[in-house]
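Please treat every number below as a calculation from the coordinates, not as lab data. All values reported here derive from a predicted model rather than from experimental measurement. As a convention, Cβ positions derive from the backbone with ideal geometry for all residues, glycine included, and neighbour counts pool all protein chains shown.
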Amino acid sequence: MFENKTLQKTLAALWITAEYVAAFVAYYGLMTVIGSSLLGHPSSFDLFSFLRFIALAFFAGGVVALVNQFLIVPLTAKMSFLWSFLAGVVLYVFSALVGLFIYVLVEHLVVSVIGSGYSDLHAALQLFLHLEFLPLLFFLFMISLPIRNLHLLITRVGEKNILNALFDRYRVPHEEERIFMFMDLYGSTPIAEKLGHARYHDLLYNVFNDISDLISRYSGEVYQYVGDAVIVTWDITQGTKKMNCVRCFFEIQNKMSALSGKYRRSYGYQPQFKAGMHVGKVIAGEVGDMKKEIVYHGDTVNTASRIQAECVHFHQHLLVSEELFMMFPVNCLQKVQTEFIGCLKLKGRTHDVCLYALLK
C-alpha cells in the first residue's frame, strides 16, 4: 500500500504530465484550424501525426513531472513565492526541451532497430538547431507559466482551499457538523526558552512537516497553526469512520517516537503531543476583505480547546468528549484502551462535559 506522500507525488506527476498533453493537444487543434483557414479548405485529419504529437507531449510532460518531484520541489522549498515561481518556470521549460530531445532520440532508435523506415537524426534535430527553436521555446514558456503557477498555489494554499474558493463554498455562511482536534506539544515553553525563537521555529517547522502527511492520510484538514499547536478538523463522516481522527493521533505519536533520535540530536528534545477532541455544529464561512479566510465559529471549537487543556491535569495524551466517543464504531473501540475520566465543568460551558481517555 502506498504511503500518502508517495500517492500525492504520483498524482502530482500524473497531473503535470496530463496538463502538458492537454496543452499540446490544444496547440495541435489550434494550428489545424489556422492552417485550414489559410488554405481555404478543411485539412484532412492525420492520425499518425496526431499520435506522434501526443507522444511528444507525453515525453515533455513526463520529464517535467520527474524533474519537478526530484529537483524543483526540494530546490525551491524555502524560496519566496516569486523566486520559486520563476525558477520553476525556467526548469519546466528546460525539462520539457529535454523530454522532446529524448523523444527524438528514442524515435530514431526505434525506427533504426525495427527497420520500418528511414530516420535522419540530423534532420529530426533541426527543431533544436535552427530558427524553429525560438517558437518552440516561446510555446513551452507560455504553457509552463500557468502550469507552474497552479502547482505552486496548490502546494502553498492547498488543493481543497483552492476548490472551496473556486466554487464559493463558504461565501454564504452555513452550518456544518465537524470534529475538531486541538493538539499541542508537551513541555514546549522551557524548550522554547532554551532554543531561542529562531531554533524553536525550526523545530516547529520540522515537526509540522513530519506530521502533515499523517493528517492527510486520515482525511483530516489543518484548520490553523497557533504557536506550537495545530488545529485539525474532519467531516463527521470521515472522522468517525474507522476512528480516523483517533488513529491519526496515534500515528502521530508513533512517528514522533520513531524520530525521537533525530530530534534529540538536533534540539535535545523529543516532541510529544497532547490533544483534545470534540464534535458538534459550527458555522463555517469566509471572513475578511483584503485577505479572506475560512473560519469555524461555535461552542464546539472552544470546547475542543478546553478539553485539550485538561490533558496535563489528568496526565493523559488524548482526551475525547463523550459526544464524540459515542459515535465511534464499537468494533474499533475494542481495539483501544478506554478510560472514563469523569464529567467536568469546563470554563465557558454551562453544562458538564464527560471525558474519556484513549490509549492505543
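Overview of values
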| read-out | value |
| --- | --- |
| Potential extension, LEU166-VAL33 segment - 0.36 nm per residue separation minus Cα distance | 44.7 nm |
| Fully extended contour minus Cα-Cα distance, from GLN272 to LYS242, at 0.36 nm per residue | 8.4 nm |
| FRET efficiency for ARG264 and LEU359, using Cβ-Cβ distance with R0 set to 35 Å, rounded to 0.05 | 0.90 |
| Estimated FRET transfer efficiency (LEU137, ASN254; beta-carbon r; R0 41 Å; 0.05) | 0.25 |
| Packing-based order for 194-206, 312-324, using average beta carbon neighbours within 10 Å, highest first | 312-324, 194-206 |
| Extended-chain gain in nm, criterion 0.36 nm per residue less alpha-carbon gap, VAL336 and ALA87 | 84.8 nm |
| Span-rule helices in the chain, defined as complete DSSP H runs reaching 24 Å or more along the axis (Cα) with Kyte mean at least -1.0 | 4-39, 47-67, 81-114, 133-157, 197-217 |
| Theoretical FRET efficiency, 1/(1+(r/R0)^6), r = Cβ-Cβ of ALA77 and LEU14, R0 25 Å, to 0.05 | 0.70 |
| No Cys partner within the rule (Cβ under 4.7 Å), the chain | CYS245, CYS248, CYS311, CYS332 |
